[in-house]
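Working notes, structure below.
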Amino acid sequence: MSAVAPLIEIRDLARTFGGGRTIFGTRKPQLTALRGVSLDLVQGETLGIVGESGCGKSTLARMLVGLERPTSGAIRLDGEDLSSSGTKALARRVQYVFQDPVSSLNPRQTIREILEAPMRHLLGLGRAEREARLKKLVDDVNLRPEFLERYPHEFSGGQAQRIGIARALAAEPDVVVLDEPVSALDVSVQAQVLNLLDRLKRERGLTYVFISHDLAVVESVATRVAVMYFGAVVETAPARKMFQAPLHPYTKLLIDSAPVPNRKRERPAGDTGELPDPYDPPPGCPFAARCPRVEADCREAMPPLDVKDLGEGHRAACIHPLSRQ
Ligand SMILES: Nc1ncnc2c1ncn2[C@@H]1O[C@H](COP(=O)(O)OP(=O)(O)O)[C@@H](O)[C@H]1O
Ligand code: SF4
Ligand SMILES: [Mg+2]
């Protein structure tokens, strides 16, 4: 465990969609998107969250910034519950950058209006101060001042994402949740945006939650990594340890199937890629159907994250983890 008090504590966070009954009294199907996620976020780190599409990354991200409410569990910022009433000041401190840069910006607003809104509504700044901050903000994200009077559709994907980043920073947050921030961009533009994010983090003392399905991108930015599978965190570790000696067979599969130069991304031989039914989750380890190390006890109950704990925050939800070479 880290001696530093975490900036954000996520505890047993769960989210289901659907459920309840129709007007005729029949039960509506209920989908489990997140199943008891607990994570700490420490000031100054970049926590990478990685996992295949549909594993619950965005649901977690949206709850962190208050766009989605948990079905159960808690998120605390500096010890205070983020979902309690009167938390506007708290909520401002955690901002979101969306995956799709252009569609996340209101097409009817100029960039000036988009960037001024958080300064006005979340910080309560007057006109003169907003103007001064706007100038600095566009400069900080490498945009030209004349862009302020233009509309989102006039920008490329990379420029639009820099506007999205500027909008998140306009609220002067402590934490930025970046949900697949470069996945929609060309590879050459990805590197520029990643460099920009790195510089902004250092200049502003930010803490990042960096979400991606792309392991290579997470490896290049994260100080610590959490691997998600089927709505749960299955392994956490300092980034270097995770990539050198993963404990969970799913993490190993992700690493083995990550693209390397001159090789197409491919699924390792024998892997079906089959996910359990989110409407009817199995009682045991959700990776059992794909796992080369599966044994009968894996199917009895969902292994908790600390069933294997190597210390220094390296934990895995696996009963028969990979041994360290
Ligand atoms: N608003 C919603 N209504 C119903 N199901 C949803 C909703 N949002 C997400 N889901 C489901 O929850 C699961 C997790 O989705 P998501 O968090 O978007 O995953 P990821 O970001 O990792 O791709 C998926 O099965 C998805 O279909
Ligand atoms: S608990 Fe069992 S099935 Fe699940 S990942 Fe570990 S070895 Fe595989
Ligand atoms: Mg997503």
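The values are calculated or read from the model by the stated rules, or taken from the named source; none is laboratory data. Remember, predicted model here, so these are calculated numbers, not experimental data. Every residue, glycine as well, gets a Cβ built from its backbone with ideal geometry; the counts of neighbours run over all protein chains shown. Keep in mind that these areas ignore ligands, DNA and RNA; they rest on the heavy atoms of the full protein, side chains included. Shrake-Rupley method; radii C 1.70, N 1.55, O 1.52, S 1.80 Å.
Brief remarks on what is shown
- In percent, rounded to a whole number, the relative contact order of the range 8-316 is 21, using alpha-carbon pairs under 8 Å and six or more apart.
- Per atom type, the chain shows carbon and sulfur on 50% of its accessible surface, probed at 1.4 Å.
- Euclidean distance between Cα centres, the range 155-177 to the range 14-58, Å: 25
- Axis of helix 127-140 versus longest Cα principal axis of the chain: the two differ by about 60°, to the nearest ten degrees.
- Candidates Thr110, Thr26, Thr59, ranked by Gaussian network fluctuation over the chain, Cα under 10 Å, top entry: Thr26
- Difference of contour (0.36 nm per residue) and Cα-Cα distance, Ala301 to Ala191: 35.4 nm
- Between Ala289 and Arg127, the modelled labels are 6.2 nm apart [label points 7 Å from Cα along Cα→Cβ].
- Reciprocal mean inverse distance between Cα atoms of the chain - Kirkwood radius, Å: 21.0
- If you run the Gaussian network model on the chain, springs between alpha carbon atoms under 10 Å, then out of Tyr151, Tyr96, Tyr229 the most flexible one is Tyr151.
- The chain: antiparallel DSSP beta bridges as a percent of all, rounded to 5: 60
- Accessible surface of Asp256 - all protein chains present, 1.4 Å probe, nearest 10 Å²: 80
- Cβ charges +1 (Lys, Arg) and -1 (Asp, Glu), total dipole of the range 8-316, debye: 560
- Secondary-structure-derived ellipticity at 222 nm for the chain, considering helices only, amounts to -8500 deg cm²/dmol, per-run term -39500 (n - 2.57) for DSSP H runs with n ≥ 4.
- Heavy atoms of His314 accessible to a 1.4 Å probe, total area in Å² rounded to 10: 10
- Tilt relative to the chain, helix 157-170 - C-alpha long axis, 0 to 90 degrees, to 10: 80
- Summed over the residues of the chain and divided among them, the accessible surface reaches 49 Å² per residue at a probe radius of 1.4 Å.
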